[in-house]
Amino acid sequence: MKYTEFLQTIETEITSRLDDNFKLSIHPVEKNNGNVYDGLMIINPKFNIAPTIYLNPYYHWYLDGVSIDSILDAILSTYNQCKPTEDFDIGFCKDFSKAKDKIIIHLINYEKNKKMLQHVPHIKYLDFAIVFQLYVGPNLPEYGTITITDALFNSWGADMEELIRVALKNTPEILPFSLINMAEFISDKCPEYAQTLKEMGDFEDLPIYILTNQRRSNGASAILYPGILRSISKKLGGNLLLIPSSIHEFLVMPLDDRIDIHNLSEFICEVNASEIRDDEILGERYYIYDCKTDTVY
């Protein structure tokens, strides 16, 4: 079954399993790094919001031999976990005085998102772009954000300095940082990745940490939290090596002479190609935090 036929089959079969008052819509959704996915929306007319379920991964399930019935069950299970239970009031978005306490930062790759960045307020930082979002997680069944576009930002009448100020204040409060010992985490979650690190040198003997937020979602922006790198530097005793593992986290470790940093950029690219989803890639090289100047380069 070709992909277009798969989409049609999913739409037809899901429709047959739902009450007649439900409506379905499949539409392309542009995601991070210019990736476009096909999103299925199951719309309950009782509510003004609906979750988007991306179908591309399910087609890979089908190609791997999973039956259509099992895929349909999985899609409906996902919907039932995320379906709305009440209307969502988006009125606060239009008023900066109401929205400003929900504004947070998000770190993405600059080059891979140039097209999108033409339409959103942002700040270039190293090889990244800092963009801004409205955090609406408490008002939805799951973690949710709304990207702040130029149109929305301009309607507020606020200036960039104010946007940056409130976002840097809000983000650590809404999404507190989490510093996780990598050796313990990776041995459970990614044993093959752990082996790759070991083959590069004595990484298992170094204190390596995952810096993210407590939701472990879009947590790479935690490196921008005021004072966070200075605090980690004091804990680890000097300059830091920073590796953009994905949009969800940075790997942080002491800048140790046992590490061959000259091969790290190649290693990061290899990991991106084999381990990281295209829409979650953040960067392709390492960075250094200088504790004396409190700067990253």
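The values are calculated or read from the model by the stated rules, or taken from the named source; none is laboratory data. Just so we're clear, the structure is a prediction, and the values are computed from it rather than from any experiment. FYI the Cβ positions are ideal-geometry reconstructions off the backbone, even for glycines, and counts take in every protein chain you see.
Below are the figures for this structure:
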| item | result |
| --- | --- |
| Flag for Y287 being modelled with pLDDT of 90 or more, closer than 13 Å to F128 by Cβ, touching a strand residue (DSSP E or B) at 6+ places or on another chain (Cβ under 7 Å) and not hydrophobic (A, V, I, L, M, F, W, C) | yes |
| Residues of the stretch 1-25 satisfying the condition of being closer than 15 Å to D69 by Cβ and touching a residue at least 24 places away in the same chain (Cβ under 8 Å) | M1, F6, T9, I10, E13, I14, R17 |
| Test set (1) touching a helix residue (DSSP H, G or I) at 6+ places or on another chain (Cβ under 7 Å); (2) surrounded by 16 or more Cβ atoms within 10 Å (Cβ to Cβ); (3) within 25 Å of K114 (Cα to Cα) - Y287 fails condition number | (1) |
| Members of the stretch 159-169 found to be over 14 Å from V120 (Cα atoms) and either surrounded by fewer than 18 Cβ atoms within 10 Å (Cβ to Cβ) or touching a Leu at 6+ places or on another chain (Cβ under 9 Å) (or both), listed by number | E161, E162, R165, L168, K169 |
| Considering residues of the stretch 38-60 that are in a strand (DSSP E or B) and without any contact (Cβ under 8 Å) to a residue 24 or more places away in the chain only, the residue farthest from K2 (Cα to Cα) | I43 |
| Residue identified as modelled with pLDDT of 95 or more, hydroxyl-bearing (S, T, Y) and more than 18 Å from R216 (Cα to Cα) among S231, S265, S274 | S231 |
| The stretch 262-291, residues that are in contact with a Ser or Thr (Cβ under 6 Å, 6 or more places away or on another chain) and of a type in the set (K, R) | R285 |
| Single residue of I103, I123, I90, I148 found to be more than 30 Å from K46 (Cα to Cα) and touching a strand residue (DSSP E or B) at 6+ places or on another chain (Cβ under 9 Å) | I123 |
| Unique match (being exposed (fewer than 15 other Cβ atoms within 10 Å of the Cβ) and in the same structural domain as K115 (by TED's automatic domain parsing)) among D69, D64, D95 | D95 |
| In the stretch 246-262, the residues that are in contact with a strand residue (DSSP E or B) (Cβ under 9 Å, 6 or more places away or on another chain) and at pLDDT below 75 | I259, I261 |
| Residues (in a loop (DSSP other than H, G, I, E, B) and over 23 Å from the mean Cα position of the chain (by Cα)) located in the stretch 247-296 | L255, D256, D257, R258, I259, D260, C291, K292, T293, D294 |
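Yes/no matrix, rows are residues, columns are (1) buried (at least 16 other Cβ atoms within 10 Å of the Cβ); (2) under 26 Å from the mean Cα position of the chain (by Cα); (3) in a strand (DSSP E or B); (4) of a type in the set (S, T, Y):
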site	(1), (2), (3), (4)
E5	no, no, no, no
T9	no, no, no, yes
I14	yes, no, no, no
D20	no, no, no, no
H27	no, yes, yes, no
